[in-house]
1. Could you identify the single residue in PRO145, PRO149, PRO61, PRO76 that is outside any strand (DSSP E or B) and either away from the ligand (no atom under 16 Å from the Cβ) or under 23 Å from ASP39 (Cβ atoms) (or both)?
2. Output the residue which, of all residues in the range 116-139 that are more than 15 Å from ARG86 (Cβ to Cβ), in a loop (DSSP other than H, G, I, E, B) and charged (D, E, K, R), is nearest to the ligand (Cβ to nearest atom).
3. With LEU177, LEU169 as the choices, which residue is over 14 Å from PHE105 (Cβ atoms), within 18 Å of the chain's Cα centre (by Cα) and modelled with pLDDT under 60?
4. Among the residues of the range 34-56, how many are among the acidic types (Asp, Glu) and modelled with pLDDT of 90 or more?
5. What residue, among those in the range 79-115 that are modelled with pLDDT of 95 or more and hydrophobic (A, V, I, L, M, F, W, C), is farthest from the ligand (Cβ to nearest atom)?
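The values are calculated or read from the model by the stated rules, or taken from the named source; none is laboratory data. Just so we're clear, the structure is a prediction, and the values are computed from it rather than from any experiment. Here the Cβ is made from the backbone with ideal geometry for all residues, glycine too, and neighbour counts use every protein chain on show.
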Amino acid sequence: MTGLDHAPALVLNADFRPLSYFPLSLWSWQDAVKAVFLDRVNIVSQYDTVVRSPSFEMQLPSVIALKDYVHLSRRPAFTRFNVFLRDRFTCQYCAGRLPTHELTFDHVVPRSRGGRTSWENVVTACGVCNLRKSNRLPREIGMIPIAAPRQPTAYDLLDHGRRFPPNYLHESWRDYLYWDIELDQDDADDPPRAAAGPAF
Ligand SMILES: [Zn+2]
């Protein structure tokens, strides 16, 4: 079967953090399928590619999460990808679903107004909404997040991952390479080019 060598699975810890970033934790499709059969992983996303044997067939996993490495009750890592996944890659102000490179982060209560960088105060936003909201409070500009931001559970993230069409997460997981920095960085929610022009 052609193409299988190009179907590695991204391996996430049970807290949805990649096992390693450098090199990125990728398993061969054979190892990923084996781990599925041994019930050691949850499948988060799949390729369209199907492998068949006389006794089974399955879509190859593209993103898998270990079940036991970190207990699932532990809090998911506060990372860019997990905020996007919690918010279903959807701008929490205009409901637009966008590819990851067009998404930004917004502090609901702006940092300049004392807002913290936390699960409860950071939401996914498109660039337009991020610029529009600027440093205002939600009630000041009438931009209320669609879902009140909160700390997700690992189960929430698994559930959200399963709702995506096949390949959606596969197409975005290479961005994990750039998301090893947790969100409590100063520039976490600065929209692209925000400093280049006036907010409106
Ligand atoms: Zn938006």
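1. Criteria check complete, one pass: PRO76.
2. That would be ARG136.
3. From the options LEU177, LEU169, the qualifying one is LEU177.
4. Of the residues in the range 34-56, the ones among the acidic types (Asp, Glu) are 39, 48.
Next, from what is left, pick out any that are modelled with pLDDT of 90 or more: 39.
The total comes to 1.
5. VAL109
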